[in-house]
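Data first, discussion second: the structure below is written as structure tokens.
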Amino acid sequence: MDAKLKETILNPIFKGNPITVLVLGICSSLAVTVTMKGALVMTLSVIVVCGISSLILSLLRNTIPGRVRIIVQLVVVAMMVILVDQVLKSFEATYAIDKQLSVYIGLIITNCIVMGRIEAFALGNKPWPSFLDGVANGAGYGIILIIVAFFRELLGSGTLFGFDILNRFGYIPNNLVILPPFALILLGCIVWVQRSIQKDLQEK
Amino acid sequence: MNTNSNVYTVIYTTVIVVVVAALLAFVSQSLKGKQEANEKADTISQMLTAAQFGTKADFQKIGNTAVLAKYAEEIEQAFTVNIDGEKMQDLPLDRVFSPKELKRQNYNIKGGPNKTGEPELPVFIFKNGTTVVPIYGAGLWGPIWGYIAFEKGSNTIQGAYFDHESETAGLGAKIKDDPAFQAEFIGEKADFDKANVFEIVKGGAPKDASGKSLVDNEIDAITGATMTSQGLDAAIDTWLSSYAKYFQGNVSGEKHCGKCKHEGEKAEECETTKCEEE
């Protein structure tokens, strides 16, 4: 694998993470991180939507009329989001989680990461790198989601993936952790940690 | 080719929209059956939860097939009644009312331009005598609905389960997620003689010095979810008062055959006159 492709994959995971560095997709990362299950399903959905929309639009990139390119992007992304939602609703295992995530699956369409990566990357690159860029950005988003959800479910419900971890030791779940503001506090901490490791992100 | 010409742009967008629409329509149609099966199992597990056959989490664990089997095992009769409490028609025992159908009946109860006919209100009676009826109404952000179970031939609430489309997580969503809120309904009574059949109020029912509740049809609302609590209160009042005549007959044993039913007697044979004779 050549260096450029590797950079495409690795950059969004840490150095150019969409949430902590680009500060995109904050809204849903506060909303769907109450449970690990929700965060995981959301992560997979965003990876699928981001990857495949990037792939499709990269394939179409030379045919899209410049003046309506945002609309064409929107149509493709919306299609992917509806497909993911329909598929989640159809399986017994994911039906309840889809209901719990309710509007947030549909709102993937407004997730700036998806359209942002298409506009910035997929429209100017070949399909394969575009697909990897979409997947990697989805994954970079998902990693933060899962880290936040780990702490929120562990401290807020005393469980992980619904399995009792802390409650058996007499832990009393902290309700503050369940509320969205705590997700913002956690996100702040993650940004803090990242900036102290990655000095070049710090403003002079 | 000039991709910026007007003709190209119009044709391009038309083609892409038509292709996407056709694909989505196809996927939606082919997955519809599965989605409806999931929704039905979900609705049934809500009714079973209201009737205290288990918790919602239990039913989620055992899966759709087991939920349907449990329901088939427990249900005795299902029928619709009209606003006067008279039985309209028997329903197949595996028939449930989806939120969409409840919405239609909600329009029929409330009247207005969306009314499509006389209300047909479903009643589900389990083998142990528990009667389950649905409620439907508006929360803060979207519809809320649920099921209230009554003890055999009585206006005492045995249990309740509520669901919603998009109430605020951690606040209004508690009508669904907080078992303690649903547990508040247990043992309360629906007062079918009043317009406010049931009340969800700040602070709950007034209590006497010993802490005993003075009113038996009031419970405490959810803190921070005033609009959802009021919406639920209104939904319960609207629906339960539509069932009032049915339950009044049922509770006092005058009109309906709930009280004077004989062993093995079929529902059709059980007429008003027969009850009066006794």
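For this structure, a couple of remarks:
- Single residue of B:Ser154, B:Ser166 found to be under 30 Å from A:Ser157 (Cβ atoms) and hydroxyl-bearing (Ser, Thr, Tyr): B:Ser166
- Filtered by the rule that a residue be acidic (Asp, Glu) and closer than 18 Å to B:Val132 by Cα, the stretch B:216-250 gives B:Asp233, B:Asp237.
- Matching option when the condition is charged (D, E, K, R) and surrounded by 14 or more Cβ atoms within 10 Å (Cβ to Cβ), among A:Arg168, A:Arg195: A:Arg195
- Candidate set from the stretch B:90-114 (those that are surrounded by fewer than 20 Cβ atoms within 10 Å (Cβ to Cβ) and closer than 15 Å to B:Glu74 by Cα); member that is nearest to the chain's Cα centre (by Cα): B:Arg95
- Residue list for the stretch A:25-34, restricted to those being within 13 Å of another protein chain (Cβ to nearest Cβ) and surrounded by 22 or more Cβ atoms within 10 Å (Cβ to Cβ): A:Ser28, A:Val32, A:Thr33, A:Val34
- Boolean, A:Arg117 is farther than 24 Å from A:Lys37 by Cβ and facing chain B (nearest Cβ under 10 Å): no
- Residue ID - surrounded by the fewest Cβ atoms within 10 Å (Cβ to Cβ), chosen from residues in the stretch B:115-172 that are among the charged types (D, E, K, R) and within 14 Å of another protein chain (Cβ to nearest Cβ): B:Glu165
- The stretch B:97-133, residues that are of a type in the set (Gly, Ala, Ser) and within 21 Å of B:Phe150 (Cβ to Cβ): B:Gly129
Rundown of residues vs (1) part of a helix (DSSP H, G or I); (2) surrounded by 20 or more Cβ atoms within 10 Å (Cβ to Cβ); (3) under 15 Å from the mean Cα position of the chain (by Cα), yes/no style:
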| position | (1), (2), (3) |
| --- | --- |
| A:Ala39 | yes, yes, yes |
| A:Cys50 | yes, yes, yes |
| A:Ala78 | yes, no, no |
| A:Leu88 | yes, yes, no |
| A:Asp98 | yes, yes, no |
| A:Ile105 | yes, yes, yes |
| A:Gly116 | yes, no, yes |
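- Residues of the stretch A:162-204 that are part of a loop (DSSP other than H, G, I, E, B) and over 17 Å from A:Ile144 (Cβ atoms): A:Gly162, A:Ile165, A:Leu166, A:Gly170, A:Tyr171, A:Ile172, A:Pro173, A:Asn174, A:Leu179, A:Gln202, A:Glu203, A:Lys204.
- Every residue from the stretch A:64-76 that is part of a helix (DSSP H, G or I) and either at pLDDT below 85 or within 9 Å of chain B (Cβ to nearest Cβ) (or both): A:Gly66, A:Arg67, A:Val68, A:Ile71, A:Val72, A:Val75, A:Val76
- Of all residues in the stretch A:86-125, those satisfying the criterion of being touching a Ser or Thr at 6+ places or on another chain (Cβ under 8 Å), hydrophobic (A, V, I, L, M, F, W, C) and in contact (Cβ under 8 Å) with a residue 12 or more places away in the chain are A:Leu88, A:Ile105, A:Leu107, A:Ile108, A:Val114, A:Ile118, A:Phe121, A:Ala122, A:Leu123.
- Of the residues screened, A:Ser58 is not one that is over 16 Å from A:Thr43 (Cα atoms), among the hydroxyl-bearing types (Ser, Thr, Tyr) and facing another protein chain (nearest Cβ under 10 Å).
- Test: residue in the stretch B:58-73 that is touching a helix residue (DSSP H, G or I) at 6+ places or on another chain (Cβ under 9 Å), at positive phi and modelled with pLDDT under 90: yes
- The stretch B:223-247: number of residues that are crowded, with 20+ Cβ neighbours inside 10 Å and more than 19 Å from the chain's Cα centre (by Cα): 1
- The set of residues from the stretch A:146-164 being surrounded by fewer than 24 Cβ atoms within 10 Å (Cβ to Cβ) and of a type in the set (A, V, I, L, M) comprises A:Ile146, A:Ile147, A:Leu154, A:Leu155, A:Leu160.
- Yes/no for A:Pro181 being within 14 Å of chain B (Cβ to nearest Cβ) and on the phi < 0 side of the Ramachandran plot: yes
The values are calculated or read from the model by the stated rules, or taken from the named source; none is laboratory data. All figures in this text were calculated on a predicted structure; none of them were measured in a lab. Neighbour counts run over all protein chains shown; Cβ positions are idealised from the backbone, glycine included.
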